[in-house]
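The values are calculated or read from the model by the stated rules, or taken from the named source; none is laboratory data. In this text, all values refer to a predicted model and were calculated from it rather than measured experimentally. A quick note on method: Cβ atoms are made from the backbone with ideal geometry, for glycine too, and the neighbour counts reach across all protein chains shown. To get the accessible areas, we keep the full protein, side chains included, count just its heavy atoms, and leave off ligands, DNA and RNA. Shrake-Rupley method; radii C 1.70, N 1.55, O 1.52, S 1.80 Å.
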Amino acid sequence: MQSASLISTTKYRDAVLPRRSVSDGQFLDPGDPAIHAITDFTREHPVTVDEERQIDDALQDMIHLGVRAMLVVREQRIVGLITSYDIQGERPLQFLQTSTYTRHREIRVGHIMTPWDKLLAVDWESIQSARAGDLLHVLEEAGITHLLVIEAGKKNTLPIVRALVSRARLTRQLRGLRRAG
C-alpha cells in the first residue's frame, strides 16, 4: 500500500544557519515592547560556562560564540554572570593583588564573576508591560551591563532565569533606528 505525503520534501545542495537578530538590524524605538529587547531563553539557548574554566579560555568561548556575557554554572545551577568586560578589565589584576594566586593563568571564572546574590533582576511579568526605553533607563541608572529576567516558578519550584538583557545590545538596537530614520 502506498501512503500519500501531506508535506512535500526536497533535497538542498547547501544551507546556512540564520543570523542572530541583532545583526539582522532589528532596530527598536524606545516605545517598543521590552520583550523585543531581551534574549529569551525559551527561544535562544543560554550560553553558560563552568565556574572552574580559566578566564582566557572563557573569553575565547565568548568571541567564538559572538556573546559578551555568559551565565556561570556549578553543577547545573546558575551561580553568577561573567562578561568580557570583567575578564579584560581590572578584575583579574584586583583578584591577583588580594589572593594567594600569582599568575594570570590561574584565575578561574568563579574568581572574578559577579556572584548570583549581587546580580540585579526584574520579574518576567513586569517585562511584558515595559518598554525598551524603560529597560535602558534601568540599566543606565543601576550602572550595570546586564539584567536578569526571572520568571516565578510554580508552587514549590525554583524561579527560572527566563531571559537576559544586554545594555550594549539594547543601545545598538535603539541607536540603529535613529540612524535609519
Does region 141-150 include one or more residues that are among the polar types (S, T, N, Q) and buried (at least 16 other Cβ atoms within 10 Å of the Cβ)? yes
Of everything in region 54-74 that's without any contact (Cβ under 8 Å) to a residue 24 or more places away in the chain and among the charged types (D, E, K, R), which residue is nearest to Arg167 (Cα to Cα)? Asp61
Look through Ser166, Ser126 and report the one residue that is exposed (fewer than 15 other Cβ atoms within 10 Å of the Cβ) and either under 25 Å from His36 (Cα atoms) or under 14 Å from the mean Cα position of the chain (by Cα) (or both). Ser126
Filtering region 35-51 down to residues that are crowded, with 18+ Cβ neighbours inside 10 Å and among the charged types (D, E, K, R) yields Glu51
Kindly provide the set of residues from region 127-168 that are of a type in the set (Ser, Thr, Tyr) and under 19 Å from Glu44 (Cβ atoms), ordered by number. Thr145, Ser166
Enumerate the pairs (first residue in region 38-53 and at negative phi and in a loop (DSSP other than H, G, I, E, B); second residue anywhere and open to solvent by 40 Å² or more (accessible area, probe 1.4 Å) and among the hydrophobic types (A, V, I, L, M, F, W, C)) with beta-carbon separation below 7 Å, excluding pairs fewer than 6 apart on the same chain, so at least 6 apart or on different chains. Val47/Leu65
Please enumerate the residues belonging to region 54-90 that are outside any helix (DSSP H, G or I) and closer than 23 Å to Arg172 by Cβ. Gly66, Val67, Arg68, Ala69, Met70, Leu71, Leu81, Ile82, Thr83, Gly89
Elements of type helices (runs of 4 or more DSSP H) contained in region 109-181, each with 2 or more residues being under 21 Å from Gly66 (Cβ atoms) and of a type in the set (Lys, Arg): 167-180
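If you check Gln54 against the conditions, is it surrounded by fewer than 17 Cβ atoms within 10 Å (Cβ to Cβ), at pLDDT 95 or above and touching a Leu at 6+ places or on another chain (Cβ under 9 Å)?
No, not satisfied.
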Within region 135-153, is there a residue that is among the polar types (S, T, N, Q) and under 19 Å from Ile35 (Cβ atoms)? no
Out of everything in region 75-117 that is in contact (Cβ under 8 Å) with a residue 12 or more places away in the chain, within 30 Å of Ala34 (Cβ to Cβ) and charged (D, E, K, R), what residue ends up being most open to solvent (accessible area, probe 1.4 Å)? Arg91
